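S.K.: Have a look at this one before I ask anything.
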Amino acid sequence: MPRRLANLALLAAIATLLVSGIVAWLLPEIAASPLYVAHRVAGIALVLALGWKYAIARRSLRRRGARAAGVWIGLATAGVTIVAVGLGLAWTVGFVSFDRPFAYSALNLHVIAGLALGGLVVAHALARGESRPALVTFASRRAALRGLGLLAASLVVSVALERLALVRRVTGSRHAGSFSGNAFPVTIWSLDSVPTIDVDVWRLAVGGAVARPLKLSYRDIATLPRREASVVLDCTGGWWSEQVWSGVSLMDVLARSGMSEAATRVEVISVTGHRWTFDRSEAERAILATHVGGEPLSAGHGYPLRLVAPSLRGFLWIKWVGEVVAA
């Protein structure tokens, strides 16, 4: 494969991996399913294209020497690529998981390596600083056949790997136990520490586009109509757990404060500062949970109040909720 066509294939694969990996986190599972498939196929395409890239890079090193522009960035890029691809393949076939061989999820390490790879690819391209031919120069029959061959091979290998993979959800997450009360993994988005909350002092502030801003105590929340649902928590750390969550409807809380009919978004904010904005349809399905499996939430799982957002990934399930703002 020509050098620049191989580079273009690698760039397309990495771009697809970054976009599909990040965007899929933000969408409901059903909407994100095609992105997970695209992510796997792009990962295999990257591995296959690396074979061509290796031969090209070896010839370039022999010709230009180790001191040429971009060589060390290129070597760093190669190293991070090996880490990201290796962890991704090891996760797919079950050699690593969220709890082995490290205390920190191997899938999180894969994500960190992937993000670093994106930055290194940009730095490598800028360091090389060579002119690029117009895309039309690749529009030959041979180039098209090579590209289609790479895509077809990626699809075939992806299907084969899926058959070898251990049972898991479409997101790649593995089961970490269900219907176990608080006995499921504790992970915290953005590396916040577990806050110490005095429930007698804690209040849930409700404001924004409401007629009556409120500050509700834990006892006030307990007087609202209870809602209970069995919902899967699918963590971006690579595990999932189905639990019975109980608490109050987020919309019931907002209705008590007189939420404006014109409001279309709801922001949920943790006492740690972690926050996310949900559209009204997502808020209508959400629960502000006080219990899981009949047990009060543990501190690590978000006591005294945690958002449960059905069909959305776990990092959007805000823990230690302290404020709700309608907009």
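The values are calculated or read from the model by the stated rules, or taken from the named source; none is laboratory data. Quantities reported herein were computed from a predicted structural model and do not represent experimental measurements. All Cβ positions, even for glycine, are placed from backbone atoms using ideal geometry, and neighbour counts span all protein chains on display. Note: accessible area is taken over every heavy atom of the protein model, side chains too, but ligands, DNA and RNA are not part of it. Shrake-Rupley method; radii C 1.70, N 1.55, O 1.52, S 1.80 Å.
S.K.: Report, in degrees rounded to the nearest 10, the 0 to 90 angle that the Cα long axis of helix 141-164 makes with the longest principal axis of the chain.
M.R.: For helix 141-164, the angle is close to 50 degrees.
S.K.: Continuing with the same structure: Between Ser311 and Ala123, what FRET efficiency follows from the Cβ-Cβ distance if R0 is 45 Å, with the result rounded to 0.05?
M.R.: Numbers: r = 37 Å, r/R0 = 0.82.
Approximately 0.75, to the nearest 0.05.
S.K.: Another question, then. Take the solvent-accessible surface of the protein heavy atoms, probe 1.4 Å, and return the percent of it on the chain that carbon and sulfur atoms account for.
M.R.: Details: 10570 of 16330 Å².
So the carbon and sulfur contribution to the accessible surface is 65 percent.
S.K.: Also, quick follow-up: So if we plug the beta-carbon distance of Val232 and Arg62 into 1/(1 + (r/R0)^6) with R0 = 41 Å, what FRET efficiency do we get, rounded to 0.05?
M.R.: It comes out at approximately 0.20.
S.K.: Tell me, what ³J(HN,Hα) does each residue in the range 31-42 have, in order and in whole Hz, if you take phi through Karplus 6.51 cos²θ - 1.76 cosθ + 1.60 with θ = phi - 60° and put x for Gly and Pro?
M.R.: Per residue, the Karplus-derived 3J(HN,Hα) values read 5, 8, 3, x, 5, 5, 5, 4, 5, 5, 5, 5 Hz.
S.K.: Between Glu323 and residues 5 or more places away or on another chain, which pairs have amide H atoms under 5 Å apart, with H built 1.01 Å from N, and which residues are they?
M.R.: Ala205, Ile269
S.K.: Round to a whole angstrom and tell me the spacing of the C-alpha centers of the range 254-276 and the range 90-110.
M.R.: Taking the Cα centre of the range 90-110 as reference, the centre of the range 254-276 is 35 Å away.
S.K.: Charges on Cβ only, +1 for Lys and Arg, -1 for Asp and Glu, centred on the Cα centroid of the range 178-238; of Gly237, Gly181, Ala211, which one is farthest towards the dipole's positive end?
M.R.: Ala211
S.K.: Would you compute, for the Cα atoms of the range 259-317, the largest minus smallest coordinate along each principal axis and list the three values in descending order, in whole Å?
M.R.: 36, 24, 22
S.K.: Relative contact order of the chain: what whole-number percent is it, with Cα pairs under 8 angstrom and at least 6 residues apart?
M.R.: Relative contact order here is 17 percent.
S.K.: How many Å² of accessible area per residue for the chain, probe 1.4 Å?
M.R.: Per-residue accessible area for the chain comes out at 50 Å².
S.K.: Specify, per residue and in Å³, the volume enclosed by the convex hull of the alpha carbon atoms belonging to the chain.
M.R.: Spread over its residues, the Cα hull of the chain gives 163 Å³ apiece.
S.K.: Now, a different point. Using only Cα atoms and rounding to the nearest 10 degrees, what angle (0 to 90) does helix 3-26 make with the longest principal axis of the chain?
M.R.: Roughly 10 degrees between the two axes.
S.K.: A further question follows. Kindly state, as a whole number, the per residue volume in cubic angstrom of the convex hull around the alpha carbon atoms of the range 157-295.
M.R.: Details: hull volume 19.7 nm³, N = 139.
For the range 157-295, the hull spanned by Cα atoms encloses 142 Å³ per residue.
S.K.: Just how much of Val47 is accessible, in Å², when a 1.4 Å probe is used and the result is rounded to the nearest 10?
M.R.: Accessible area, nearest 10 Å²: 50 Å².
S.K.: As a test of the formula, what do you get for the chain when each DSSP H run with n ≥ 4 contributes -39,500 (n - 2.57) and the sum is divided by the residue count, at 222 nm and rounded to the nearest 500 deg cm²/dmol?
M.R.: Result for the chain, helices only: -15500 deg cm²/dmol.
S.K.: I'd like the GluC sites (Glu not before Pro) in the range 229-327 restricted to DSSP loop residues with at most 14 other Cβ atoms within 10 Å, sorted by number.
M.R.: Here the GluC sites (Glu not before Pro) that fit, given the DSSP loop and packing criteria, are Glu261.
S.K.: Follow-up question, since we're still on this one. For a protection proxy built on the mean count of beta-carbon atoms within 10 angstrom, sort 193-200, 20-27 highest first, please.
M.R.: 20-27, 193-200
S.K.: Dipole of the chain, Cα-centred, from +1 at each Lys and Arg C-beta and -1 at each Asp and Glu C-beta, to the nearest 20 debye?
M.R.: 2140 debye
S.K.: Can you tell me the orientation of helix 106-128 relative to the chain, as the angle in degrees between its alpha-carbon axis and the longest Cα principal axis, to the nearest 10?
M.R.: Between the helix axis and the principal axis of the chain, the angle is about 50 degrees.
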